[in-house]
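Input: a single structure, listed below in structure tokens.
Please treat every number below as a calculation from the coordinates, not as lab data. A quick note: this is a predicted structure, and the numbers were derived from the prediction, not measured. Glycine gets a Cβ as well: all are built from the backbone with ideal geometry, and neighbour counts include every protein chain shown.
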Amino acid sequence: MPLPTGSLLEHTPQGLYCRAAAAWIDPVGPVPRALITHAHADHARPGCGEYWAVGASEAILRQRLGATINLIPVDYGAAHRIGEARVSFHSAGHVLGSAQIRLEAGGESWLVSGDYKRCADPSCSPFEPVQADVFITEATFGLPIYRWQSGAEVAGEILSWWQGAPERPSILFAYAFGKAQRLLAELAAIGVGEPGQPGAEGNEILLHGAVEALMPAYREAGVRLPPTLPVSAIAKGESLAGRLVIAPPSAHRSVWMKRFKLPQAAFVSGWMAVRGARRRRGYERGFVMSDHADWPGLIQSVQQSCARQVYVTHGNSDGLARYLSEVEGISAEPLAG
Amino acid sequence: MRRFADLYSALDASSGTQARVDALVAYFSGVDAADGAWALHVLLGKQGKRLITGRRLRQICLEESPLPEWLFDDCYAHVGDSAETITLLWAQVGAGASQPLQHSLQHWMEQLLPAAAALEGSEQAEAVRQLWRGLSRSELLVANKLLTGGLRVGVAQGLVVRALARLSGLEEAQLQHRLMGGFKPGAAALTALLAPANGAEAVPSHPYPFYLASPLEQQPAGPASDWQAEWKFDGIRGQLIRRANEVFLWSRGEELIGAAFPELLAAAGCLANGSVLDGEILVWPPGSDQPAPFAQLQRRLGRKAPGRKLLAECPAAFVAYDLLELGGDDLRQAPLSQRRAALEELLQELSETTPTPAAGLLRLSPLLPLTAWEQLEPLRQQAASAAAEGLMLKGLASPYLAGRKRGHWWKHKRDPYTLDAVLLYAQAGSGRRANLFTDYTFGLWDGEGQLVSFAKAYSGLDDAEITALDRWIRSHTSERFGPVRAVQPLQVFELAFEGLQRSSRHKSGIAVRFPRIARWRQDKPAAEADSLASALALLATQP
């Protein structure tokens with residue numbers, strides 16, 4: 001359903017719009033003023049007059065949208081007056097520099113979650129619970145079959161998968177921005193890359209070019225990462241047996257993979273919780289690690305927002321909204337558009 | 001249980017044949033014989049009985065949880081597998097894990113699972129939850145699949161046999177033969193299965209493994225005179241055994257089906273001991289020159305003791321096309337030309353010495369004239385008028401092998417019938433098609449400009465087409481009925497099928513045999529799809 005007319009936020013063809021701030025949140029096309037939750041391509045698009053975003057995402061935004069964009073970096077938690085509205089950005093725990101955006105005007109407050117997750121992630125700051133009158137939440141994994149293990153547990157599974165095949169290259173497919181760096185940070189947290197451990201100097205984890213491009217921003221942000229090398233730094237013909245390689249899913253079954261002899265391949269994604277989803281994508285192995293909230297995380301966030309009205313967008317929005325209103329007794333609607 | 005769950009995961013994760021055989025060999029080489037026997041039983045798909053329904057398991061999982069039924073349905077539509085959905089949801093609702101249960105597969109299969117199944121009501125629910133609490137996630141999935149009788153590992157019997165052959169040093173054909181007629185799980189049975197070969201191991205009831213033909217892709221090697229052609233009848237494959245003064249009739253699915261065909265048992269009783277025939281079971285009215293449609297045979301299948309009326313309305317016959325044993329001698333290595341000659345002689349002799357109506361139910365599959373390859377296509381064109389599905393081509397020099405081995409036997413079906421129909425409804429598939437709309441219902445135009453449901457089809461589109469159609473369905477849904485979506489009637493598909501039958505159970509009045517999608521007719525507007533009248537006309541022209 002659409003948002004009620006006269007609300008603080010309204011739908012426009014360019015996306016969610018706040019009249020009081022004369023600003024769009026994650027607009028789908030060029031607008032004069034954009035408030036950006038995070039730097040993924042479906043949330044941050046080129047051509048806007050003015051970008052407001054968390055400082056930690058600045059380097060990646062400039063890399064992706066152009067070095068000369070007019071970007072106003074903000075700190076988590078700081079309140080800004082934009083037009084008639086009071087606007088603040090709060091950590092969403094999704095990827096480096098990701099934010100929920102809170103807007104307040106005319107005695108009413110709205111919170112737009114963007115993408116978020118609740119479990120610990122050593123590559124970015126944790127989710128901050130924020131209260132508002134109205135909460136717009138994502139529901140990418142809005143079914144109770146989704147419940148994540150900790151990153152450390154999954155990193156342990158990955159490590160034994162990798163170490164169990166010393167005679168083959170092990171290729172992990174993961175989204176190039178966010179997931180790939182989280183994987184590296186989770187592996188570093190269980191010792192990978194330290195002297196004498198797997199992935200140490202001389203046996204560095206290898207990265208596809210698309211992943212490599214995001215590494216400077218994470219290293220500058222001080223995220224603890226194991227040593228890595230671009231795949232291109234390895235001489236042609238040198239054996240890649242026993243090496244761990246991280247690549248974006250688009251490289252799966254591409255010519256890029258020719259380089260690897262008899263690789264074992266796995267996809268790292270929340271979708272891997274369901275066998276059918278893994279088999280459909282043609283991966284032998286799936287590791288369940290997501291940068292979105294799982295079912296308990298979604299319910300917890302809605303409860304902590306103390307919102308009197310919840311709108312659910314993305315993924316299973318119908319189901320989550322129905323559950324919230326029927327079982328949790330919270331007024332909730334799926335949000336169209 | 002742990003090891004078996006690991007085997008399941010390994011088979012599930014590997015796509016190559018070699019990796020699967022390796023995983024099977026690794027499992028069976030170290031396993032306790034009783035566990036191995038149960039594993040084999042399950043891998044062969046013989047765990048027929050369902051201990052607890054998926055619906056009951058779902059109830060047990062949802063009890064004491066805040067999750068409503070409709071949300072379970074949403075999850076199921078997403079996962080496409082009831083046991084897996086329950087496994088994932090239990091991780092959400094289950095109260096903390098208790099002591100891990102470390103029992104053998106045998107103990108699970110013989111004690112724990114049947115005991116839980118035998119309970120009722122809240123006692124059963126608590127017993128099942130107790131089992132769930134003691135299992136890791138991968139074990140839980142396997143346990144739920146064992147409980148619901150739906151553990152399909154996706155490993156063909158041939159692969160299991162190959163692994164056991166590698167392990168035991170036996171020939172695959174010998175293992176196949178030992179497995180025929182059923183395998184009762186037990187340590188002794190597995191030991192006997194894998195025991196070194198010895199001369200005297202024939203059990204009277206044991207059938208030979210069936211030799212299966214492959215679809216013909218190109219003209220077979222050599223001159224046509226090296227081959228024999230027969231009709232491929234649309235019945236069920238059977239092996240008729242006369243040994244030790246008893247008669248056994250086996251289906252290709254390795255089931256004893258003699259009880260459903262008492263007249264064929266009586267017919268085979270006229271044969272000498274030590275005779276084994278391979279052939280087709282059909283309904284064939286006396287005096288008719290061709291068999292009745294498959295639907296007639298279907299009325300006989302699964303009837304433990306058919307009544308006199310049914311026996312009269314749907315009389316069976318056994319059309320023999322091969323002789324596997326004569327006078328107690330295994331003929332399978334002899335060339336087909338010799339086996340065929342012996343078969344003709346046997347049936348000729350029978351008709352002379354025992355000219356009874358009973359013996360007359362054993363018919364000889366006629367040979368068709370094939371002396372040059374140019375005759376092949378005209379013969380195939382005549383299949384429909386002989387009420388046959390097509391042709392069989394068998395090399396005259398061929399031995400009778402086990403399983404589907406290419407090269408000697410080919411099936412050459414006639415072209416299917418086709419009609420252009422309009423997509424009306426779609427439903428999500430299961431397994432790897434979960435959450436994709438892949439189960440389609442199609443309609444034809446009636447006389448009043450309405451579309452009437454005509455057939456369901458699930459196969460025939462490639463992955464790219466499925467994805468494109470799935471996207472189209474999502475954006476052209478006109479109504480939702482639970483998991484089923486009605487779509488705007490715009491897309492036309494050419495459906496192929498093997499035949500039509502009148503049916504009072506179908507809205508259109510027509511039952512369709514083996515419908516599948518032949519083509520997505522994106523070039524054709526819905527108004528130009530076929531009508532019910534054209535289907536009825538087609539029905540009328542069928543033999």
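Tabulated results
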| read-out | value |
| --- | --- |
| Förster radius 30 Å - calculated FRET efficiency between residue B:173 and residue B:246 (Cβ-Cβ, nearest 0.05) | 0.75 |
| Estimated FRET transfer efficiency (residue A:120, residue A:325; beta-carbon r; R0 22 Å; 0.05) | 0.15 |
| In order through region B:228-243: 3J(HN,Hα) via Karplus (6.51 cos²θ - 1.76 cosθ + 1.60), integer Hz, x for Gly, Pro | 10, 10, 9, 5, 9, 7, 9, x, 10, 5, x, 10, 9, 10, 10, 8 |
| Length added when fully stretched, residue B:476-residue B:338, from 0.36 nm per residue minus Cα-Cα | 43.5 nm |
| On Cα atoms only, tilt of A:295-305 relative to the major axis of chain A in degrees | 30 |
| Linear extension gain, residue B:356 paired with residue B:50, 0.36 nm per residue minus alpha-carbon span | 105.7 nm |
| Debye equation applied to the C-alpha atoms of region A:151-287, log10 I(q)/I(0) at 0.10, 0.13, 0.21 Å⁻¹ | -0.29, -0.50, -1.43 |
| Computed [θ] at 222 nm, helices only, for the protein assembly as shown once each DSSP H run of length n ≥ 4 contributes -39500 (n - 2.57) | -8500 deg cm²/dmol |
| Cβ-based charge dipole, region B:211-413, positive-most Cα from B:364, B:335, B:281 | B:281 |
| Label-to-label distance, nm, for residues given as residue B:26 and residue A:224 (7 Å Cα→Cβ offset) | 3.3 |
| Rounded if a/c under 1.5, otherwise prolate or oblate - region B:216-324, Cα gyration tensor axes | oblate |
| Cα-based reach from residue B:413 at 14 Å (exclusive), listing aspartates and glutamates while leaving out same-chain residues under 8 positions away | B:217, B:230, B:234, B:377, B:389, B:498 |
| Contour minus Cα-Cα distance for residue B:64 and residue B:136 (0.36 nm per residue) | 23.8 nm |
| The protein assembly as shown: antiparallel DSSP beta bridges as a percent of all, rounded to 5 | 65 |
| Spin-label model distance (nm) - residue A:304 vs residue B:349, 7 Å beyond Cα toward Cβ | 8.7 |
| Folded to 0 to 90 degrees: helix A:179-189 orientation relative to chain A principal axis, Cα | 60 |
| Spin-label model distance (nm) - residue A:281 vs residue A:70, 7 Å beyond Cα toward Cβ | 3.9 |
| Cα-based reach from residue A:261 at 12 Å (exclusive), listing aspartates and glutamates while leaving out same-chain residues under 8 positions away | A:167, A:238 |
| Set B:184/B:394; B:309/B:507; B:304/B:507; B:49/B:184; B:46/B:304 screened for pairs whose C-alpha atoms are more than 25 Å apart | B:184/B:394; B:309/B:507; B:304/B:507 |
| Three principal axis lengths of region B:263-359 [C-alpha, angstrom, descending] | 40, 27, 25 |
